[in-house]
Amino acid sequence: MTLIKICGLRQWDTVQWLAQARVPYGGFVFAPSKRRVQPEDAQAWMAAVVPCATQFVGVVGACNVDALDALLRAAPLLHAVQFHGPPDPTLHAFAYTNYPHIQRWQAISYDGHAYTKLDACPSFDVLLLDAPRAGSGIPFDWSVIPQVRAWTRVRGCRLFVAGGLDADNVGQLVSAYDIDGVDVSSGIERDGKQCTARIAAFVDAATKQPRTRGERT
């Protein structure tokens, strides 16, 4: 089954809906963004729905060890931290050593060679293959996925794909490529706000598409 992450959470009713629908992952953006939320708000929302099947991911941009530590202390109910920007072995090592219970996700652009820069990082849980500009709502060339998938198998991490996904194209993606999960933000919004009807349509499309065995790698 394809795992799903609904990212850019910034409304309490959406967080509540995800928990009730048992969507595997929800993401809070703490990096500079129009979808940015404060750690204290995210912590309060998570506290209001736990225990639940949904795991929550904190998305960070360029930061240092002190900023990462402060975030994880302010939002201790996070299950994972997702790094964007150039891979930073120091941040990965700090999280691995000081917060071993926290999953580590690393996002990279669609460049088929960008993942090789991750070799200096400690092993992590998820590689998120994203569009050149995260949150742009524009898909990238999926033909690079098999190459990246082969790399994730060697590293022993899962592969999630993001970038311009919505209910109309996510079924095509998961049926054609061997990936572990998908990540969506702008594709489930209406008038700048997350729409539970669009989230439901996305979840349905992502989970009910059979894989095309001949195209798996």
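Fewest-first ordering of GLU189, GLU40 by other beta carbons within 10 Å of each residue's beta carbon gives GLU40, GLU189. Scalar couplings 3J(HN,Hα) for region 35-52, obtained by applying the Karplus form with A = 6.51, B = -1.76, C = 1.60 to θ = phi - 60°, are 9, 5, 10, 8, x, 5, 5, 4, 4, 5, 5, 5, 4, 7, 10, 7, x, 8 Hz; x denotes Gly and Pro. Here each label is just a point 7 Å from Cα along the line to Cβ, and for GLN20 and ALA44 those points are 2.1 nm apart. Across the alpha-carbon set of region 3-215, the Rg to Rh ratio works out to 0.94, Rh being the Kirkwood radius. Counting Lys and Arg as +1 and Asp and Glu as -1 over every other residue whose Cβ lies under 15 Å from the Cβ of THR196, the net charge comes to 0. Note on TRP45, TRP17: ascending count of other Cβ atoms within 10 Å places them as TRP17, TRP45, the fewest first.
Ordering LYS34, LYS5 from the fewest to the most neighbouring beta carbons within 10 Å gives LYS34, LYS5. Bridging of LYS117 to lysines at a Cα separation below 27 Å is possible for LYS5, once same-chain residues fewer than 8 apart are set aside.
Every number here is computed from the coordinates shown, using simple stated rules; none is lab data. This one's a predicted model, so the numbers in the text were calculated from it and none came from an experiment. Positions of Cβ are backbone-derived with ideal geometry, glycine not excepted, and every protein chain shown enters the neighbour counts.
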